[in-house]
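Here the structure is laid out as structure tokens; the discussion comes afterwards.
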Amino acid sequence: MKTNIALIGFMGTGKTAVGQLLSKKLDLDFVEMDALIEMKAGKTIPMIFEDGGEIAFRDLEIEVVKEVAAQTRSVIACGGGIVLNRINIDRLRQNSVVVCLTASPAVMLKRVSSQVGQRPLLDVEDPGATIRDMLKFRRPLYERAADITIDTSRLTAEGAADAIIRKLGEHESLDWSK
Ligand code: S3P
């Protein structure tokens, strides 16, 4: 039986905000993968990209997934690129139901624009066009990885957390009984 919920989805779909609320509502631990990567590297994500490029970041991400996948009773907010290495999803799936958050590109852009400088991949001249380009490649990967998908475009974080809880009720592979 699985006891974790792994939240995946593109940048700006609400994984962190929704994950924090979800963990409170379900009395589970909250784990933020990006924060663990920063702790392991001893530097911020923009610094990791600057020093070693995306490859260095992806290597760290794979290492952190290995550790996190072994946890129990946790809501795990993943970075948006977690689906790029299939091994990450295979590892997470062992003990996690995978919930994918989506949003329209316009909503994602609005959300990430309020946190400028934190996401090196969108630190470009036209982040809107970059989001659309990246989604063309990533959308099938998110779809393939997801057990459950929730569109957060018109939902508050609270509304999205409640929608997830309703859908999880139909999932037989989850078990939180202590
Ligand atoms: C990334 C998403 C970011 C972070 C890194 C790369 C991506 O996480 O892991 O900047 O490739 O989509 P969030 O989705 O939490 O912003």
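Side notes on the structure shown:
- Given 10 as the ceiling on other Cβ atoms within 10 Å, longest exposed-site-free region of the chain for GluC sites (Glu not before Pro) in DSSP loops: 1-124
- Estimated distance in nm for a label pair at Glu143 and Lys24, the labels positioned 7 Å out from Cα along Cα-to-Cβ: 3.5 nm
- Taking each DSSP H run with n ≥ 4 as -39500 (n - 2.57) and averaging over every residue of the chain yields -16500 deg cm²/dmol at 222 nm.
- Each Cα pair of segment 58-121 feeds into the Kirkwood radius, which the Stokes-Einstein equation turns, at 10 °C and 1.306 mPa s, into a diffusion coefficient of 119 µm²/s.
- Trypsin sites (Lys or Arg not before Pro) restricted to DSSP loop in segment 96-165 with at most 12 other C-beta within 10 Å: Arg154
- Positive dipole terminus of the chain, leading residue within Val18, Gln71, Ile48 (C-beta point charges): Val18
- Chain lengthening between Ile165 and Asp151 when straightened (0.36 nm per residue, less Cα-Cα): 3.6 nm
- What the chain shows is 51 Å² of accessible area per residue, with the surface traced by a 1.4 Å probe over protein heavy atoms.
- Across segment 95-122, the residues whose backbone nitrogen lies under 15 Å from the label position 7 Å along the beta-carbon direction of Ala129 are 122.
- Inverting the pair-averaged 1/r between distinct Cα atoms of the chain gives 16.4 Å as its Kirkwood hydrodynamic radius.
- Computed E for Glu158/Ile62 - FRET, C-beta separation, R0 35 angstrom, nearest 0.05: 0.60
- Per atom type, the chain shows carbon and sulfur on 51% of its accessible surface, probed at 1.4 Å.
- Global geometry of segment 138-178, whether rounded, prolate or oblate, following the gyration tensor of its Cα atoms and the 1.5 cut on a/c: oblate
- Ligands, DNA and RNA aside, Phe10 has an accessible area near 0 Å² when probed at 1.4 Å.
The values are calculated or read from the model by the stated rules, or taken from the named source; none is laboratory data. Bear in mind the structure is a predicted one, so any value in this text is a computation, not a measurement. So basically every Cβ, Gly included, is an ideal-geometry build from the backbone, and we count neighbours across all protein chains shown. With ligands, DNA and RNA removed, areas are computed over all heavy atoms of the protein, side chains included. Shrake-Rupley method; radii C 1.70, N 1.55, O 1.52, S 1.80 Å.
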